[in-house]
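A.B. asks: Shown below is the structure under consideration.
The values are calculated or read from the model by the stated rules, or taken from the named source; none is laboratory data. As the structure is a computational prediction, the values presented were derived from the model and not from experiment. All Cβ positions, glycine included, derive from the backbone under ideal geometry; neighbour counts span all protein chains shown.
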């Protein structure tokens, strides 16, 4: 900042703003690395486009500086992530693959890679129409009827187009390999969806204006404005209803799981009671153990919502801490820790030996573990920290 102080006021303000923007990029990387990765590609392409359009480096230095500051701040974190291993084999966290389309993917998942890719490529138009709906047509409308006008008078229009293309192309042809879900494909579309949201507002303003265009062309054949209005209205209604459905399911799904209709689809019975008891368990552990205590439950469960919500102590291993860890590293350890919760570990001699070996201080046994049937015998030898309907907690290793 001392250098900035000695420059003229206008230049110092630009440098300060660029530095702040670069630090903002770095903090955004911590929130979602995939979204900021899309923005990095967009930023580079935008700079190159500006230079090709005739702008000098002197006029575009304010674009370079935030990138340099952001890259410098991000670099240690990014190197640490990459050194931890990427995909399933510890390789790159990203791979080329055409965006999947369920339920079509279910029929082609076992085909050779090139055949599966070709099928997904053929279904891309339908895939994006069902996914974007109104906003897909909003993008087509904006480009055909507003694009040239906006490029002439709106200095940000070119950047909007570049950001949309960057987001859509990368999210369509690149997928992440860290987890089973294509996290990059879902998050990478967020910048593009934001642009379509802005353009959708322009579409509504033009089509529903008092003096709209008589005929509108989305693809090749022009249609009357009444037809276009009916089409967009239908898509907006469908989009609103599906969004409402998502909001309702997000809030009611845990309760629906305990109904007779949906019971045991993806969770065991009495899911609400289990989560409530789990919260009691983890709160009790926090009150009775030091912050450095190691607690361990069966790591064989891929989704353990209560542990993700309420656990504050470290564990030797858990499924939701395995991002970027190669299978050859975590699978043997997961198997060894999982063996602790088998029924043949009937006494404290074996359990304490295993806990001492892995430095486990507290053992959490659930009713879904084979070891659960031995909990009464374990209770006779050692007083539990907690004994409930779904969870039992014991000190271990001493």
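A.B. asks: Only one of (1) surrounded by fewer than 17 Cβ atoms within 10 Å (Cβ to Cβ); (2) modelled with pLDDT of 95 or more is not met by residue 362, so which one is it?
C.D. replies: The single condition residue 362 does not satisfy is (1).
A.B. asks: Okay, next question. Going by what's in this entry, would residue 202 be described as at pLDDT 75 or above and out of contact with any helix residue (DSSP H, G or I) (no Cβ under 7 Å at 6 or more places or on another chain)? Let's see the steps before the verdict.
C.D. replies: Details: at pLDDT 75 or above: yes; out of contact with any helix residue (DSSP H, G or I) (no Cβ under 7 Å at 6 or more places or on another chain): no.
Taking the combined requirement at face value, the residue does not satisfy it.
A.B. asks: State whether one or more residues within the range 361-371 are without any contact (Cβ under 8 Å) to a residue 60 or more places away in the chain, in the same structural domain as residue 301 (by TED's automatic domain parsing) and more than 35 Å from the chain's Cα centre (by Cα).
C.D. replies: No, there is no match, as no residue in the range 361-371 is without any contact (Cβ under 8 Å) to a residue 60 or more places away in the chain, in the same structural domain as residue 301 (by TED's automatic domain parsing) and more than 35 Å from the chain's Cα centre (by Cα).
A.B. asks: Could you please let me know if residue 341 is in contact with a helix residue (DSSP H, G or I) (Cβ under 9 Å, 6 or more places away or on another chain), under 17 Å from residue 387 (Cα atoms) and assigned to a loop (DSSP other than H, G, I, E, B)? Quick ask: steps written out before the conclusion?
C.D. replies: Values: in contact with a helix residue (DSSP H, G or I) (Cβ under 9 Å, 6 or more places away or on another chain): yes; under 17 Å from residue 387 (Cα atoms): yes; assigned to a loop (DSSP other than H, G, I, E, B): yes.
Yes, satisfied.
A.B. asks: With the structure loaded, tell me whether residue 152 is touching a residue at least 12 places away in the same chain (Cβ under 8 Å) and in a helix (DSSP H, G or I) or whether it fails that test.
C.D. replies: Against the criterion (touching a residue at least 12 places away in the same chain (Cβ under 8 Å) and in a helix (DSSP H, G or I)), residue 152 does not qualify.
A.B. asks: If you don't mind, there's one more thing I want to ask. Taking the range 377-395 as the search range and keeping residues that are in contact (Cβ under 8 Å) with a residue 60 or more places away in the chain and in contact with a strand residue (DSSP E or B) (Cβ under 9 Å, 6 or more places away or on another chain), which one is surrounded by the fewest Cβ atoms within 10 Å (Cβ to Cβ)? Break it down into steps so the answer makes sense when it comes.
C.D. replies: The first filter runs over the range 377-395 and keeps only residues in contact (Cβ under 8 Å) with a residue 60 or more places away in the chain, leaving 385-386, 388-391, 393.
Of the ones still in play, those that are also in contact with a strand residue (DSSP E or B) (Cβ under 9 Å, 6 or more places away or on another chain) are 385-386, 390-391, 393.
On the way: 385: 18, 386: 16, 390: 20, 391: 23, 393: 21.
Filtering the range 377-395 for residues that are in contact (Cβ under 8 Å) with a residue 60 or more places away in the chain and in contact with a strand residue (DSSP E or B) (Cβ under 9 Å, 6 or more places away or on another chain), the one surrounded by the fewest Cβ atoms within 10 Å (Cβ to Cβ) comes out as 386.
A.B. asks: Right, next: Looking at (1) loosely packed, with under 12 Cβ neighbours inside 10 Å; (2) modelled with pLDDT under 80, find the lone condition where residue 75 falls short.
C.D. replies: (2)
A.B. asks: Which of the following residues is in contact with a strand residue (DSSP E or B) (Cβ under 7 Å, 6 or more places away or on another chain), at pLDDT below 85, surrounded by 12 or more Cβ atoms within 10 Å (Cβ to Cβ) and more than 28 Å from residue 12 (Cα to Cα): 93, 88?
C.D. replies: None of the others qualify; the one that does is 93.
A.B. asks: Let me ask something additional. Considering every residue within the range 77-96, establish whether at least one is more than 30 Å from residue 326 (Cα to Cα) and in a helix (DSSP H, G or I).
C.D. replies: Residues of the range 77-96 more than 30 Å from residue 326 (Cα to Cα): none.
No, the range 77-96 contains no residue that is more than 30 Å from residue 326 (Cα to Cα) and in a helix (DSSP H, G or I).
A.B. asks: Continuing with the same structure: Filter the range 146-191 for residues that are out of contact with any helix residue (DSSP H, G or I) (no Cβ under 7 Å at 6 or more places or on another chain) and more than 21 Å from residue 40 (Cβ to Cβ) and give the result.
C.D. replies: Listed by number, the residues that qualify are 147, 148, 149, 152, 153, 154, 155, 179, 180, 181.
To keep it simple, each residue is scored yes or no on (1) outside any loop (DSSP other than H, G, I, E, B); (2) in contact (Cβ under 8 Å) with a residue 12 or more places away in the chain.
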position: 160; (1), (2): yes, yes
position: 169; (1), (2): yes, no
position: 180; (1), (2): no, no
position: 200; (1), (2): yes, yes
position: 203; (1), (2): yes, yes
position: 231; (1), (2): yes, yes
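A.B. asks: Determine which member of the set 251, 220 is at pLDDT 70 or above and loosely packed, with under 12 Cβ neighbours inside 10 Å. Outline the logic, then answer.
C.D. replies: Details: 220 fails: at pLDDT 70 or above.
Answer to the selection: 251.
A.B. asks: Also, quick follow-up: Can you find a residue that is under 31 Å from the mean Cα position of the chain (by Cα), crowded, with 16+ Cβ neighbours inside 10 Å, part of a loop (DSSP other than H, G, I, E, B) and modelled with pLDDT of 90 or more anywhere in the range 322-338?
C.D. replies: No: zero hits.
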